[in-house]
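See structure below.
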Amino acid sequence: MTHRILAALSLVATLHASPALAGKGDPPATSGGDLTADAIAASVTGALDPAADPCTDFYRYACGGWLDTTELPGDQPIWTRSFSVIHDANRHLLRTLIEAAAAAPGDDPDRRRVGDFYAACMDEKAIEAAGLAPLAPWLEKIDAAPDAGALFTLGGELQRIDAAPFLEIDIDGDFKEPATVVAHFAQGGLGLPERDYYLAEDATKSELRASYERHVAKMLELTGTPVERAALDAKTILAFETALARASRPAEQMRIFDQLHHRLDATGLAKLAPTLPWPAYFAALGRGDLTTINVMTPEFFEALGKEVGTAELPTLRAYLRYSVATATATMLPDAVYQEHFDFYGRQLSGQKEPQPRWKRCVGATEQAVGQAVGKLYVAERFTGSSKEVANEMIDDLLASFEASLPGLDWMDEATRAAAVVKKGTLAFRIGYPDRWRDYSKLELARASHFGNSIAALEFESARQLAKVGKPLDRQDWSWNPQVVNAGYHPLRNDHTYPAGILQPPFFHKDFPAAMNYAGIGYVIGHELTHGFDDQGRKFDSEGRLSDWWTPAAVTAFEQRAACIRDQYAGYEIEPGVKLNGELTLGENIADNGGIKQAWAAFQRYQSEHGGEAAGLGELSADQLFFVSMAQVWCSETAPEFLRMLVTTDPHSPSRFRVQGSLVNHPAFAKTFSCAAGTPMNPEKKCSVW
């Protein structure tokens with residue numbers, strides 16, 4: 001099962017990590033112990049470019065020293081001073097913990113699962129010796145399917161290993177009855193990142209389509225299709241996927257939740273696509289009794305039935321062969337993995353080289369038994385004091401948010417009162433789950449990496465599908481504790497702050513208050529604002545999609561949101577390639593609200609502690625706040641990956657997350673004495689929260 005529908009309501013969408021050359025101004029290294037004032041100062045001032053004018057280009061001022069001395073690792077398409085550096089440190093720690101589990105499993109069943117999975121993944125000789133034999137049963141089923149209906153049914157079976165041909169399925173609460181879990185059926189079935197890659201006429205997308213067609217042909221060859229046949233099949237697969245892309249909504253429309261709710265039972269889905277064998281599909285999926293369904297994009301399913309019904313059988317067979325080969329490429333011999341990487345890593349993302357085997361296996365182990373790995377991580381790294389400080393920061397931010405509401409002249413009293421209620425019902429999950437995941441039904445061994453991977457995927461699929469039709473389990477964590485991210489879930493009206501993000505540069509007990517408020521305080525403010533962004537505001541205090549605002553407040557909000565949309569739509573990553581202001585609207589509102597709420601909480605902190613807090617070197621406390629916020633987003637990014645992000649990612653690129661929010665913040669201009677009309681203090685400013 002996939003988990004991408006609500007991914008937009010998180011701090012970042014994609015994380016990548018790899019050892020990099022140490023950059024000047026990297027966050028101070030820590031394993032949870034003490035930090036010296038000198039180390040903290042060196043990390044901040046080393047990242048600066050003091051020659052840059054903060055009123056002209058604050059991103060350059062805050063990050064220039066780091067950018068000049070940090071090289072993008074060859075095995076990564078993006079490297080950030082915060083997320084990547086933390087994730088890299090975490091991964092090295094996890095390697096130590098996982099390899100120890102492999103060497104000495106002991107009596108703990110979860111520790112043994114961790115060790116067995118990793119050991120099998122690292123056994124390259126066994127993987128090469130097995131060749132494509134593990135894939136043969138799937139390919140035989142595809143070849144033996146007699147008709148289009150049987151091939152579509154096989155797509156249900158492939159959903160269980162996260163291959164997801166034809167469509168996407170996500171398991172979560174119903175938008176209007178959030179206490180009940182439903183199966184969300186959505187558009188999908190594409191091998192390229194998004195519909196625009198199939199339909200855009202620009203040269204870059206056209207070249208990528210040609211490369212994709214060659215890649216599909218090569219993958220088919222590697223799974224046994226003759227060369228000439230593979231080339232023909234690749235063309236028909238591209239044509240089939242292009243037809244699905246035409247029936248798909250643009251990425252920005254897939255975040256408008258009130259247009260994604262069409263609660264249907266199995267009979268209703270069958271009416272949309274009557275030629276597709278849904279009962280057989282549900283049985284292959286593992287839930288023959290599936291009835292609790294939300295069809296997010298009904299028009300797509302109408303088109304899907306027609307496209308499957310008119311496609312030639314060789315096309316559908318080739319499409320499924322490619323789907324299963326792609327889904328399992330990382331489990332197969334190196335020739336398959338390298339071809340998969342060459343397109344998705346090198347050509348699509350600009351990543352120069354694959355990750356080393358140990359990194360891929362640590363990641364695979366986390367995907368398979370992530371909470372079992374998380375238990376090892378938490379025991380080694382996470383301290384109870386971190387949770388206490390996070391709770392204190394949350395209280396500060398919540399108080400600042402409520403205090404700011406009377407100052408919003410566009411919000412009427414009825415909506416303001418309802419917003420206070422929603423804020424008051426927020427729940428917070430910090431560090432790690434109170435109840436760890438039960439892996440007792442997952443059987444792993446050291447004999448087969450492919451077999452272990454399939455077992456883990458089918459275990460998770462069954463776990464997700466078992467939730468459908470039952471009450472929403474609010475204690476269930478979808479993230480692992482070691483994840484470097486934070487998120488807001490509108491259906492649960494809760495925040496998640498995993499242990500992985502509660503470390504420098506976001507937070508440390510020895511940091512000046514300005515750094516903690518600009519780091520984890522900004523993160524909390526960002527997620528808090530998500531509950532009231534252009535989509536989060538549509539969910540009430542119980543997580544229900546409803547009209548809980550007055551019409552006048554909605555109109556006033558939308559006018560201010562349009563200002564943010566238009567502002568970011570004017571930013572370019574390169575000549576002619578602009579940000580999608582509609583796709584990034586929610587995250588941009590959250591960035592602007594996050595810095596505003598964190599700043600207010602920091603001013604509240606200073607007032608309560610008798611005056612201005614400590615600065616750092618030549619930076620005052622207020623200047624340190626804005627510098628620290630910006631340095632979270634210092635990033636090196638491959639041009640290819642950046643182009644993909646502006647097409648698919650609801651988050652703006654790093655530079656614009658800094659510049660876009662700070663130009664709207666009057667306190668920033670005052671702190672750095674930026675004259676009116678300078679680039680960082682424009683006359684027109686946008687403000688929502």
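Number of residues in region 402-444 that are in a loop (DSSP other than H, G, I, E, B) and in contact with a strand residue (DSSP E or B) (Cβ under 9 Å, 6 or more places away or on another chain): the value is 2.
Here's the yes/no breakdown for (1) closer than 30 Å to S43 by Cα; (2) surrounded by fewer than 19 Cβ atoms within 10 Å (Cβ to Cβ); (3) among the basic types (K, R); (4) over 24 Å from the mean Cα position of the chain (by Cα):
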{"site": "L426", "(1), (2), (3), (4)": "no, yes, no, no"}
{"site": "L444", "(1), (2), (3), (4)": "no, no, no, yes"}
{"site": "H449", "(1), (2), (3), (4)": "no, no, no, yes"}
{"site": "Y497", "(1), (2), (3), (4)": "yes, no, no, no"}
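Out of T153, T96, one residue alone is part of a helix (DSSP H, G or I), among the polar types (S, T, N, Q) and crowded, with 16+ Cβ neighbours inside 10 Å. It is T153.
I need the full set of residues from region 572-581 which are touching a residue at least 24 places away in the same chain (Cβ under 8 Å), assigned to a loop (DSSP other than H, G, I, E, B) and not aliphatic (A, V, I, L, M), in order please. Once the filter is applied, which keeps residues that are touching a residue at least 24 places away in the same chain (Cβ under 8 Å), assigned to a loop (DSSP other than H, G, I, E, B) and not aliphatic (A, V, I, L, M), region 572-581 yields only N580.
Residue under question is A283, and the condition is that it be free of Cβ contacts under 8 Å to residues at least 40 places away in the same chain and either out of contact with any strand residue (DSSP E or B) (no Cβ under 9 Å at 6 or more places or on another chain) or of a type in the set (D, E, K, R) (or both); does it hold?
no
If you go through region 668-689 and keep only what is under 14 Å from W599 (Cβ atoms), out of contact with any helix residue (DSSP H, G or I) (no Cβ under 6 Å at 6 or more places or on another chain) and not basic (K, R), you end up with A669, F672, S687. Within region 631-654, residues that are closer than 22 Å to A42 by Cα sit with their Cβ atoms under 6 Å from residues that are in a helix (DSSP H, G or I), at 6+ positions apart or across chains, in these pairs: Q631/A47; Q631/A62; W633/S654; W633/R657; W633/V658; C634/C63; C634/W66; S635/S654. Scan region 308-322 for residues that are surrounded by fewer than 23 Cβ atoms within 10 Å (Cβ to Cβ) and either more than 28 Å from T267 (Cβ to Cβ) or not β-branched (V, I, T) (or both) and the total you get is 7. Looking at this structure, is G500 modelled with pLDDT of 95 or more and either more than 17 Å from A390 (Cβ to Cβ) or not in a strand (DSSP E or B) (or both)? Against the criterion (modelled with pLDDT of 95 or more and either more than 17 Å from A390 (Cβ to Cβ) or not in a strand (DSSP E or B) (or both)), G500 does not qualify. T584 meets the conditions (1) touching a residue at least 40 places away in the same chain (Cβ under 8 Å); (2) out of contact with any His (no Cβ under 7 Å at 6 or more places or on another chain); (3) polar (S, T, N, Q) in every case but one. The failed one is (2). Answer yes or no as to whether L397 is in contact (Cβ under 8 Å) with a residue 12 or more places away in the chain, surrounded by fewer than 19 Cβ atoms within 10 Å (Cβ to Cβ) and in contact with a helix residue (DSSP H, G or I) (Cβ under 6 Å, 6 or more places away or on another chain). Against the criterion (in contact (Cβ under 8 Å) with a residue 12 or more places away in the chain, surrounded by fewer than 19 Cβ atoms within 10 Å (Cβ to Cβ) and in contact with a helix residue (DSSP H, G or I) (Cβ under 6 Å, 6 or more places away or on another chain)), L397 does not qualify.
Residues that are touching a strand residue (DSSP E or B) at 6+ places or on another chain (Cβ under 8 Å) and under 16 Å from Y322 (Cα atoms) occur at least once in region 145-161. Selection of region 620-661 for residues being in a loop (DSSP other than H, G, I, E, B), touching a Gly at 6+ places or on another chain (Cβ under 9 Å) and surrounded by fewer than 21 Cβ atoms within 10 Å (Cβ to Cβ) yields only A638.
If the condition is being without any contact (Cβ under 8 Å) to a residue 12 or more places away in the chain, over 30 Å from P575 (Cα atoms) and of a type in the set (A, V, I, L, M), then region 203-228 contributes only V227. The number of residues in region 202-258 that are assigned to a helix (DSSP H, G or I), of a type in the set (S, T, N, Q) and over 23 Å from M644 (Cα atoms) comes to 1. For region 261-272, enumerate the residues that are in contact with a helix residue (DSSP H, G or I) (Cβ under 7 Å, 6 or more places away or on another chain) and assigned to a loop (DSSP other than H, G, I, E, B). Selection gives H262 alone. I'd like to check something: does region 510-524 contain any residue that is within 18 Å of the chain's Cα centre (by Cα) and small (G, A, S)? No: zero hits.
Residues in region 572-579: is at least one within 20 Å of the chain's Cα centre (by Cα), surrounded by 19 or more Cβ atoms within 10 Å (Cβ to Cβ) and at pLDDT 95 or above?
yes
When you scan region 148-155, do you find a residue that is modelled with pLDDT under 95 and either closer than 21 Å to H449 by Cβ or not small (G, A, S) (or both), even just one?
So far as region 148-155 goes, no, none of its residues is modelled with pLDDT under 95 and either closer than 21 Å to H449 by Cβ or not small (G, A, S) (or both).
Of everything listed in (1) under 23 Å from Q603 (Cα atoms); (2) surrounded by 14 or more Cβ atoms within 10 Å (Cβ to Cβ); (3) not aromatic (F, W, Y), the single unmet condition for P406 is (2).
Screening E460 with (1) over 21 Å from the mean Cα position of the chain (by Cα); (2) surrounded by fewer than 22 Cβ atoms within 10 Å (Cβ to Cβ); (3) not in a loop (DSSP other than H, G, I, E, B) gives one miss only, at (1).
Restricting attention to region 110-146, the residues being more than 30 Å from E312 (Cα to Cα) and loosely packed, with under 13 Cβ neighbours inside 10 Å number 3. So for region 561-571 (the condition being touching a strand residue (DSSP E or B) at 6+ places or on another chain (Cβ under 7 Å), assigned to a helix (DSSP H, G or I) and within 20 Å of V663 (Cα to Cα)), does at least one residue qualify? The answer is yes; a qualifying residue exists. For region 662-679, the set of residues classified as under 19 Å from W633 (Cα atoms) and in contact with a Lys or Arg (Cβ under 8 Å, 6 or more places away or on another chain) consists of V663, N664, H665, listed by residue number.
On the stretch given as region 550-571, residues that are buried (at least 18 other Cβ atoms within 10 Å of the Cβ) and either touching a Gly at 6+ places or on another chain (Cβ under 6 Å) or among the aliphatic types (A, V, I, L, M) (or both) total 6. G370 falls short on exactly one of the conditions (1) part of a helix (DSSP H, G or I); (2) in contact with a helix residue (DSSP H, G or I) (Cβ under 8 Å, 6 or more places away or on another chain); (3) buried (at least 19 other Cβ atoms within 10 Å of the Cβ), and that condition is (2).
Residues are listed down the side, and each one gets a yes or a no for (1) within 14 Å of I169 (Cα to Cα); (2) surrounded by fewer than 19 Cβ atoms within 10 Å (Cβ to Cβ):
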site	(1), (2)
R246	no, yes
R249	no, yes
R255	no, no
T267	no, yes
K271	no, yes
L276	no, no
Y281	yes, no
G286	yes, yes
N294	yes, no
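If you check R209, R214, R195 for being surrounded by fewer than 19 Cβ atoms within 10 Å (Cβ to Cβ), under 21 Å from F300 (Cβ atoms) and among the basic types (K, R), only one passes: R209.
The values are calculated or read from the model by the stated rules, or taken from the named source; none is laboratory data. Owing to the predicted nature of the structure, the values given are computational and were not obtained by experimental measurement. Positions of Cβ are generated from backbone atoms using ideal geometry, with glycine treated the same way; all protein chains shown enter the neighbour counts.
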